[in-house]
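Quick notes on the structure that follows.
The values are calculated or read from the model by the stated rules, or taken from the named source; none is laboratory data. Because the structure is predicted, anything quoted here is derived from the model rather than measured. Methodologically, a virtual Cβ is constructed for each residue, glycine included, from the backbone with ideal geometry; neighbour enumeration extends over all protein chains shown. Keep in mind that these areas ignore ligands, DNA and RNA; they rest on the heavy atoms of the full protein, side chains included. Shrake-Rupley method; radii C 1.70, N 1.55, O 1.52, S 1.80 Å.
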Amino acid sequence: MTEGNLRVAVTGGGGRLGVSVVTGLAAAGHEVISIDRHRHPTLPAQQIVADLTDNEAADAALAQARPEALVHLAAIAVPFTAPEHVILQTNTAIAFQTLQAAVAHGTSRILVASSPTPLGYGSPLGWQPDYLPIDEKHRLRPWNAYALSKMTMESIVAMFTAQYGDKIRLGSFRPCFVISPDEWNGAPTQQGHTVRERLDDPALAAVSLFNYVDARDAADFVDRWLRAAHQLPNGDVFFVGASDAMARRPLCELMPQFHPGTEELSAGLTGTAPAFSVAKAEALLGWRPKRSWRTELVDDVAADSDHHRSRSAV
Ligand SMILES: NC(=O)c1ccc[n+]([C@@H]2O[C@H](COP(=O)([O-])OP(=O)(O)OC[C@H]3O[C@@H](n4cnc5c(N)ncnc54)[C@H](O)[C@@H]3O)[C@@H](O)[C@H]2O)c1
């Protein structure tokens, strides 16, 4: 059984993922308050401008918002975009201070954005998964400060869970590479290139194992988690990804090409199968991603099947 609408604070509500989360939660009937360093021109929510690296500012923002639920997204969101020690300190300090303030001001449901990067893919020493598709039980081997900060944020969630037990419901989610609605129309993705460029050059998506998720589907996950929080195992982690891979060829072909040694592990990833399983979110929340590059880039899919038809006619 799921529960009704809530007063929800979303940190980082003005960001790539945050705008869709704020918009989706507001459309679902929640009262939403965005807490962000910058004011966003069009958010359908009350906005509080605060720098959450400042503990007093974080406390004042949560005291003002007094949310029943917190969705914590604010962070340095891209690896290597600041010095390593700054990324580690900033992301972990923001998370700890924001959660502490939320708890102090009566918040009883808290969902934190982690990332798949603690798995350790992209390591300069090479990396192979233990198994495919990857699920929440896979071991974590972070190799940079961003990935370590995300693993630490999951530990912060675990710490509050251990401290408060079932008085507070907590969880983390690991969104795959987020595609916001305007990025389907050609706006640059987080890595600076377009979605079509990512599909055309598999080396670009190979870095993150061809994972991705539409920001609106991630918002739907957040809504479901908030409503079901009291029925979920406390402190749990969820992968949130699309039901296909960001690739024009099956991963059983592409994974061994870009991640040597994965021939046997990836043999089952035929057709459009992704490298990440979202079976847990489906089983516990009934969540399934509704969108994929195949539903959002309709012209591209038509061109692709024309290409395959003309090749098979030869
Ligand atoms: N975009 C992705 O592909 C992706 C994938 C996995 C996880 N994540 C995580 O999801 C979250 C959101 O990512 P995003 O892509 O929307 O990032 P983003 O950079 O677009 O947005 C982050 C938002 O947080 C705000 N913010 C940053 N520092 C702040 C501070 N000190 N005080 C207040 N606000 C601050 C920024 O102003 C911005 O609006 C992050 O935690 C990120 O690590 C993102």
Please go through the stretch 252-289 and give me each residue that is under 29 Å from residue 172 (Cα atoms), surrounded by fewer than 15 Cβ atoms within 10 Å (Cβ to Cβ) and out of contact with any helix residue (DSSP H, G or I) (no Cβ under 6 Å at 6 or more places or on another chain), ordered by number. 268, 279, 282, 283, 286
Among the residues of the stretch 46-64, count how many are surrounded by fewer than 24 Cβ atoms within 10 Å (Cβ to Cβ), touching a residue at least 12 places away in the same chain (Cβ under 8 Å) and not acidic (Asp, Glu). 9
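Each row is one residue, and each column tells you yes or no for (1) touching a helix residue (DSSP H, G or I) at 6+ places or on another chain (Cβ under 8 Å); (2) buried (at least 16 other Cβ atoms within 10 Å of the Cβ); (3) in a loop (DSSP other than H, G, I, E, B).
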residue: 88; (1), (2), (3): yes, yes, no
residue: 92; (1), (2), (3): yes, yes, no
residue: 121; (1), (2), (3): no, yes, yes
residue: 130; (1), (2), (3): no, no, yes
residue: 142; (1), (2), (3): yes, yes, yes
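Take the residues in the stretch 102-115 that are of a type in the set (Val, Ile, Thr) and either over 14 Å from residue 58 (Cβ atoms) or open to solvent by less than 20 Å² (accessible area, probe 1.4 Å) (or both), then tell me which one is nearest to the ligand (Cβ to nearest atom).
Within the stretch 102-115, the subset of a type in the set (Val, Ile, Thr) is 103, 107, 110, 112.
Still in the list and also either over 14 Å from residue 58 (Cβ atoms) or open to solvent by less than 20 Å² (accessible area, probe 1.4 Å) (or both): 107, 110, 112.
Details: 107: 17, 110: 14, 112: 8 Å.
Going through the qualifying residues, I end up with 112.
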Restricted to the stretch 62-120, and to residues that are touching a strand residue (DSSP E or B) at 6+ places or on another chain (Cβ under 6 Å) and among the β-branched types (Val, Ile, Thr), which residue is nearest to residue 12 (Cα to Cα)? 71
Go through the residues of the stretch 116-132 one by one and say whether even a single one is within 13 Å of the ligand (Cβ to nearest atom) and closer than 20 Å to residue 35 by Cβ. no
Hey, does the stretch 140-147 have a residue that's in contact (Cβ under 8 Å) with a residue 60 or more places away in the chain, at positive phi, out of contact with any strand residue (DSSP E or B) (no Cβ under 9 Å at 6 or more places or on another chain) and within 16 Å of the ligand (Cβ to nearest atom)? no
Considering each residue of the stretch 155-170, count those that are in contact with a helix residue (DSSP H, G or I) (Cβ under 6 Å, 6 or more places away or on another chain) and within 16 Å of the ligand (Cβ to nearest atom), and give that number. 2
From the list 233, 256, 260, exactly one residue is touching an Asp or Glu at 6+ places or on another chain (Cβ under 6 Å), farther than 18 Å from residue 297 by Cβ and more than 16 Å from the ligand (Cβ to nearest atom). Which is it? 256
Of the numbered conditions (1) on the phi > 0 side of the Ramachandran plot; (2) part of a helix (DSSP H, G or I); (3) in contact with a Phe, Trp or Tyr (Cβ under 7 Å, 6 or more places away or on another chain), residue 165 fails exactly one; give the number of that condition. (3)
Do you know which residues across the stretch 1-38 are within 10 Å of the ligand (Cβ to nearest atom), in a loop (DSSP other than H, G, I, E, B) and free of Cβ contacts under 8 Å to residues at least 60 places away in the same chain? 14, 37, 38
